[in-house]
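Notes follow the structure.
The values are calculated or read from the model by the stated rules, or taken from the named source; none is laboratory data. None of these values were measured; they are calculated from a predicted model. When we count neighbours, we look across all protein chains shown, and the Cβ atoms used for this are built from the backbone with ideal geometry, even at glycine.
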Amino acid sequence: MPIILKSDHELDMMRRAGRVACEILAEMRAVVAPGVTTRQIEKVAIDQLKARGARGLSMNYPTYRPGEGYPSPVCLSVNEEIVHGIASDRVLREGDIITLDLAAMLDGFCCDTATTVPVGRVRPAVQKLLDVTRQTLALAIANMRPGRKWTEVARLMQKHVESHGFNVVREYVGHGVGRNMHEDPKIPNYVTPEQLRNDFTLRPGMTLAIEPMVVMGSVEVEMLDDGWTVVTRDRQPSAHFEHTVAMTATGADILTDGRSPAPVAPAAGKTGDGGERA
């Protein structure tokens, strides 16, 4: 599918969704502590989504029919769980880490964001994993500019991770986002010959969910019996940080950092999806 470029109006609407997602993530993070269950954190997300008139896009994904697909509006992944962990009565313990991953829709526009949070005090090696993954996301955003090939950015990300003794997950990558949670292009955090063949050039109007997933050990993963939760095969910890980012004429603009959007003006011109197709 072609890459959909967003208008200024659409970017404003996405920033509104991004602010809501950022605020809900902060509310979830505030309750993370030893003794708290992941279901309690999920309830915070459910309540806050309802209060803000937003929808958690992972609920019932990919069918969006009630009772089918993923069973929660938020993904909560603990320790060796990389992505798509499901809330339960699991009690968090001192030294755990938990990834809070929320894709939210507000007024027809989506944003996707994630952070990995320590539960109390964690081992220095685990804290380093969190720091390096957070740095990798910041590095990518700082190096995005129009006309640059994505693999140039991905190469910097991979080099930073591996220089600290960690590895980048291969099976799961970032993605375009806009009126849908998943749009083209796919956005890897590493470089292979296949990625070079399928490379794309950054252009103003692109809206991308950048999400490095970094593991302490092997990159090999497996799916748990619930059919959703992906874990490291060696059960070493994994960290995941994500922002939705808009490309502008001068560089990257983070839409999920909590900043207030400008007042919404009526969209000019043709109605509909409004996005230019690359």
When residues of region 242-277 are limited to those that are at pLDDT below 85 and part of a strand (DSSP E or B), the one farthest from Val168 (Cα to Cα)
Glu276
Residue count, region 84-106 (criterion: touching a Gly at 6+ places or on another chain (Cβ under 8 Å) and at positive phi):
1
Which ranges mark the strands (runs of 3 or more DSSP E) fully within region 131-221 that have 3 or more residues being of a type outside the set (Ser, Thr, Tyr) and under 13 Å from the mean Cα position of the chain (by Cα)?
174-176, 207-210
Only one of (1) touching a residue at least 24 places away in the same chain (Cβ under 8 Å); (2) on the phi < 0 side of the Ramachandran plot; (3) part of a loop (DSSP other than H, G, I, E, B) is not met by Ala239, so which one is it?
(3)
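This table checks each residue for (1) under 18 Å from Ile97 (Cα atoms); (2) under 17 Å from the mean Cα position of the chain (by Cα); (3) surrounded by fewer than 22 Cβ atoms within 10 Å (Cβ to Cβ).
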position	(1), (2), (3)
Ile4	no, no, no
Leu25	yes, yes, no
Ala33	yes, no, yes
Thr37	yes, no, yes
Lys43	no, no, yes
Arg55	no, yes, yes
Tyr61	no, yes, yes
Leu76	yes, yes, no
Kindly indicate whether Tyr70 is in a loop (DSSP other than H, G, I, E, B) and under 16 Å from the mean Cα position of the chain (by Cα).
no
